[in-house]
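Asks: Below you will find the structure I want to go over with you.
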Amino acid sequence: MAATARPRRSMLYMPGSNTRALDKAKTLAADALILDLEDAVAPDTKVEARANVVAAAGGYGAREVLIRVNGLATPWGQADVAAAATSAAHGILIPKVESADMVRQVETIMNNAGARPDMQIWCMMETPLGVLHAEEIASATPRLGGFVMGTSDLAKDLRCLHTPMRLPFVASLNLCVLAARAYGLAILDGVYLDLADDEGFKASCVQGREMGFDGKTLIHPKTIGMANDTFGPSADEVAWCEKIIAAHAEAEKEGKGVVVVDGKLVENLHVVTARQTVEMARLIKQLEADAA
């Protein structure tokens, strides 16, 4: 598991113009937060919101914090990046990324503003061109930390429908997961828009985990618990992983590369995944203890 791996089961958007919401986020069980300066903020409050999130970014304990800036082509984008680069946030999230050059432009602004060496760049993957350039974007810079799917904007550009099985998005989601994993990046699934549809949200989380996403981006605190439960390993999963790790270790002492556990063939590749699962469970437990 990469040194930068951490729990990202739930990543909640918080409007940067709402100081009460920013303060409330300190009490929420989301693994990570996106302090938003873009879609959630009206034009006449953009500058005020920028000051709010820069001041707030260091106040969330062990939780990962990203600041979503406005696009560089907007009147606020470059100043957003420069200000966010001086904050305590873990990373800067860029909207509508469509090329590696766009990422490197942001990196230049960050460097000129004195950004910490460990501050990451995250990319919203939410346009057809961005998805088609996913591999190029994923390899743009060592500062890159992950992708966030923007399925609402993507649906608009694709002129497709939001369906229960999300079939119109499958190609885009898979391409972005492939690019992210090829370059060791995290990747978060898009938001679910119908807050009254608990069953649909659950199904979307299950599908996202099956596809390989690290977690779900969220627009309301009520969805945090279900996202955490779905994307986090269950107690039974952790117990099984510990069992096959131990069994495989015993087999190796006997010079065997494979072992059968409860009728299932276990080899080294299964043990690698099992160790990742056990480590993630440990990191989740640690994060929850730190947030308590």
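Throughout, read-outs are computed from the coordinates displayed, never taken from laboratory work. Bear in mind the structure is a predicted one, so any value in this text is a computation, not a measurement. We place every Cβ from the backbone using ideal geometry, glycine too, and count neighbours over all the protein chains shown.
Asks: Within region 271-292, which residues have the backbone N less than 19 Å from the label spot 7 Å out from A235 along Cα→beta-carbon, could you tell me?
Replies: Only 277-289 fall inside the zone, counting backbone N under 19 Å.
Asks: R181 to K243: extension gain in nm, 0.36 nm per residue of separation minus the Cα-Cα distance?
Replies: 19.7 nm
Asks: Specify the angular offset, from 0 to 90 degrees and rounded to the nearest 10, of the alpha carbon long axis of helix 198-211 from the longest principal axis of the alpha carbons in the chain.
Replies: Once rounded, one gets 70 degrees.
Asks: Here is a further query. Using only Cα atoms, find the angle between the long axis of helix 170-182 and the longest principal axis of the chain, and express it within 0 to 90 degrees, rounded to the nearest 10.
Replies: The helix 170-182 is inclined about 80 degrees to the chain.
Asks: OK, next. Using 0.36 nm per residue of separation minus the Cα-Cα distance, give me the extension gain between D290 and D101 in nm, one decimal.
Replies: 64.2 nm is the gain from fully extending D290 to D101.
Asks: How big, on average over all directions, is the shadow cast by the Cα convex hull of the chain, in nm²?
Replies: 16.2
Asks: Tell me the net charge near W240. Cut-off is 11 Å between Cβ atoms, W240 excluded, with +1 for each Lys or Arg and -1 for each Asp or Glu.
Replies: -2
Asks: Quickly estimate the mean residue ellipticity at 222 nm for the chain, helices only: each DSSP H run with n ≥ 4 gives -39500 (n - 2.57), and the total goes over all residues, rounded to 500.
Replies: -14000 deg cm²/dmol
Asks: Report, to the nearest 10°, how far helix 100-113 tilts away from the longest principal axis of the Cα atoms in the chain, using its own Cα long axis and a range of 0 to 90°.
Replies: 70
Asks: Which value, in debye to the nearest 20, describes the size of the charge dipole of the chain about its Cα centre when Lys and Arg Cβ atoms bear +1, Asp and Glu Cβ atoms bear -1, and nothing else is charged?
Replies: 340
Asks: Taking a cut-off of 27 Å between Cα atoms, list the lysines near K256, but don't count ones fewer than 8 places away on the same chain.
Replies: K243, K264
Asks: On to the next question. Can you tell me the Rg and Dmax of region 235-291, counting just the alpha carbons, in angstroms?
Replies: Considering region 235-291 through its Cα atoms, Rg and Dmax are 13.0, 44 Å.
Asks: Here's something else I'd like to know. Quickly work out the T74-to-L132 label distance, labels modelled 7 Å from Cα along the C-beta direction, and quote it in nm with one decimal.
Replies: Taking the simple label geometry, L132 and T74 are separated by 2.5 nm.
Asks: Pull out the extension gain between K202 and N268, defined as 0.36 nm times the separation in residues minus the alpha carbon to alpha carbon distance; nm, one decimal.
Replies: Contour length minus the Cα-Cα distance gives 20.6 nm.
Asks: If you don't mind, there's one more thing I want to ask. Under 30 Å between alpha carbons, and skipping anything fewer than 8 positions from K24 in its own chain: which lysines qualify?
Replies: Of all the lysines, those that pass the test against K24 - Cα under 30 Å, at least 8 places apart if same chain - are K46, K96, K202, K216, K222, K285.
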